[in-house]
1. Alpha carbons only, please: Rg and Dmax for segment 91-130, in angstrom.
2. Suppose every K and R has +1 on its Cβ and every D and E has -1 on its Cβ; what is the size of the dipole of the chain about the Cα centre, in Debye to the nearest 20?
3. Scale the Cα Rg of the chain by the rule-of-thumb value 2.2 N^0.38 Å and send over the ratio, two decimals.
4. Using mean Cβ contacts within 10 Å as the protection proxy, how do 139-146, 79-86, 68-75 order, highest first?
5. Could you please state how large a percent of the accessible area of segment 74-147 is carbon and sulfur, counting protein chains only and using a 1.4 Å probe?
6. Taking Rh as the Kirkwood radius computed over C-alpha pairs, what is the Stokes-Einstein D of segment 51-107 at 37 °C in a medium of viscosity 0.692 mPa s, expressed in µm² per second?
7. Between Glu152 and Lys113, what length in nm is gained on full extension when 0.36 nm per residue of separation is reduced by their alpha carbon distance?
8. Can you work out the Karplus-derived ³J(HN,Hα) for every residue in segment 149-163? Use 6.51 cos²θ - 1.76 cosθ + 1.60 with θ = phi - 60°, whole Hz, and x for glycine or proline.
Amino acid sequence: MQREKFSAHVNNPYQWEKNAALKATQTGLYIGWRCPHYLWDCFRIGDESKCFCGHLLREHRIISDISVPCNVNQCRCLMFCFIPSSPEEVGEFWLKRRATFDPKAWRAQCRCKHSHENHAATGCHPCRVKGCCCYCFESNFLCAACDRRWEEHETFFETEETRRRGGRPRGTDTVNSWHRPV
């Protein structure tokens with residue numbers, strides 16, 4: 001009984017990632033977040049993944065692998081750019097144990113101490129807080145999968161053929177190996 005509860009608790013945080021892998025096999029469009037020179041995706045991106053502009057992927061229109069603008073009125077975002085939306089995505093699992101922690105209030109932070117929501121959605125994402133001299137978003141966190149900074153990663157929209165040529169998992173390989181590489 002204890003083992004079943006533990007198993008459900010451990011698998012639940014990554015269920016969204018497994019769902020994204022299943023959707024990729026169905027649609028043939030693989031969306032991942034990784035450092036450009038890596039063969040594996042640090043995160044698989046799904047409809048509920050958040051863009052730097054603050055809107056979800058499902059609120060963007062996928063036109064091509066290089067054109068994914070936001071559909072929300074008055075949003076200037078021209079291309080979906082993944083930003084972690086929970087402490088687990090940056091390896092801060094311990095935050096949820098704090099009695100005062102509010103998961104809905106958590107935001108990815110820049111080294112200037114302002115959240116990504118205080119930075120412009122386009123360009124190098126300069127800070128918009130008056131008096132802040134931060135000209136470019138620099139994460140104060142590391143990727144939970146590879147220990148590299150957010151700014152070293154890119155969001156990729158790839159077809160099955162593109163992934164095959166790049167030597168990346170595709171088809172049922174993405175579902176069978178949905179866990180993080182060691």
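The values are calculated or read from the model by the stated rules, or taken from the named source; none is laboratory data. These numbers come from a predicted model, not from an experiment. Using ideal geometry, Cβ is built from the backbone for each residue, glycine included, and neighbour counts are taken over all protein chains shown. Calculation scope for accessible area: heavy atoms of the full protein, side chains included, ligands and nucleic acids excluded. Shrake-Rupley method; radii C 1.70, N 1.55, O 1.52, S 1.80 Å.
1. Using the Cα atoms of segment 91-130, the pair Rg, Dmax is 12.6, 37 Å.
2. Working: 27 positive and 21 negative charges, 70 e Å.
I would put it at about 340 debye.
3. Numbers: Rg = 16.9 Å, N = 182, 2.2 N^0.38 = 15.9 Å.
So the Cα radius of gyration is 1.06 times the expected 2.2 N^0.38 Å.
4. Details: 139-146: 17.2, 79-86: 21.0, 68-75: 13.8.
Going from most to least packed, we get 79-86, 139-146, 68-75.
5. Here it works out to 51 percent.
6. Numbers: Rh = 12.9 Å.
Translational D for this selection: 255 µm²/s.
7. Working: separation 39, 0.36 × 39 = 14.04 nm, distance 1.90 nm.
Contour length minus Cα-Cα distance gives 12.1 nm.
8. Coupling constants for segment 149-163: 6, 4, 5, 8, 9, 9, 9, 10, 10, 10, 7, 4, 5, 4, 5 Hz.
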